[in-house]
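Visitor: Pasting a structure here, questions to come.
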Amino acid sequence: MLCTLPAAAGSEAGNRALTPAERTVVDRFARIVGAVLDDFRSDDWNESIEYTLDDATTPVKPETPLQAGLLQRSYHARPGSARWNALIAPNVKALLDASDVGAAGKARHSIRGLLDVHVSATFNTAFSEIDPAPPGNPDLRIAGTAAGFRVEHPSAYEESGVVLLFGDWKSALWDAENSGYRYKFSQAPGSPVIENVEIRFGGAADRVDELLQRIDWRRVDAALGP
């Protein structure tokens, strides 16, 4: 299902339509970062585009520079694909042939760890949760990112993955109580500018690692600015 999502940050006054200047900024983000997310696609995966910014709105009383929602997609291994036949089908057979609960549980666990990938991208994030916390969780040093970390739950799904940060996160303040970085914005609340980008994805560990290395994350920087 294709959906649109209103701004992540809100207020009691609610949201309003974007101005032309804000629409230009949001459209640039959707075009540039959407193209990066397109690289998640392959013949091995069925794609579901869950949220877009087509009908984005923004808070009437903003607390940060422009916020207008997120891009979100999910990928499910396609039955009959090369990935399915090589990695998933053998575990399905093992599950069907299992002679005890232990063997069946091991096969189910393996299948769950191969089936799905979920990704979301947003901008002007005020707080980015990083759990486990650095320095015990070191920066992945992915080219093109300000920082990147492996995390237990990058999305609403019960799976591990990564958080990639773009922008001036070096000046962000660490919030130990909530295990995350609080971004220090240089522009006033509501300014039609993108100061940072956050991309979160998780699921099948082998696919996550492949995407980390294969995608040119440097392209995301073009979405920053007014």
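Visitor: Whole-Hz ³J(HN,Hα) for each residue in region 202-214, computed from phi via Karplus 6.51 cos²θ - 1.76 cosθ + 1.60 with θ = phi - 60°, x for glycine and proline: what do you get?
Guide: In residue order, the calculated couplings are x, x, 3, 4, 5, 6, 4, 5, 4, 5, 4, 8, 7 Hz.
Visitor: Could you line up Thr57, Thr19, Thr122 from fewest to most neighbouring Cβ atoms inside 10 Å?
Guide: Thr19, Thr57, Thr122
Visitor: Another question, then. If amide hydrogens are placed 1.01 Å from N in the peptide plane, which non-local residues have theirs closer than 5 Å to the one on Thr57?
Guide: Ala7
Visitor: Whole-Hz Karplus ³J(HN,Hα) for region 83-89, in order, using 6.51 cos²θ - 1.76 cosθ + 1.60 and θ = phi - 60°, x for Gly and Pro?
Guide: Calculated HN-Hα couplings, in order: 4, 4, 5, 7, 10, 8, 4 Hz.
Visitor: For labels at Asp100 and Asp43 in the simple 7 Å Cα→Cβ model, what's the distance in nm?
Guide: About 4.1 nm, to one decimal.
Visitor: Within a 10 angstrom radius of the beta carbon, how do His118, His76 rank from fewest other beta carbons to most?
Guide: By the 10 Å Cβ count, ascending, the order reads His76, His118.
Visitor: How large is ³J(HN,Hα), in whole Hz, for each residue of region 67-72 in order, when computed from phi with the Karplus curve 6.51 cos²θ - 1.76 cosθ + 1.60 and θ = phi - 60°, using x for Gly and Pro?
Guide: Calculated HN-Hα couplings, in order: 10, 8, x, 7, 9, 9 Hz.
Visitor: Non-local amide H neighbours of Ile130 (under 5 Å, H modeled in plane, Pro and chain starts lacking H): which ones?
Guide: Correct list: Gly180, Tyr181.
Visitor: While we're on this one: How big is region 88-200 along each principal axis, measuring the range of its Cα positions in Å and listing the largest first?
Guide: Largest to smallest, the principal-axis extents are 62, 29, 25 Å.
Visitor: So what is the calculated 222 nm ellipticity per residue for the chain, using -39500 (n - 2.57) for each DSSP H run with n of 4 or more, over all residues, to the nearest 500 deg cm²/dmol?
Guide: The helix-only estimate for the chain comes to -7500 deg cm²/dmol at 222 nm.
Readers should treat all values here as calculations from the given coordinates under stated rules, not as data from a laboratory. Keep in mind it's a predicted model, so treat the numbers as computed, not measured. Glycine also receives a Cβ, built like all others from the backbone with ideal geometry; neighbour counts cover every protein chain displayed.
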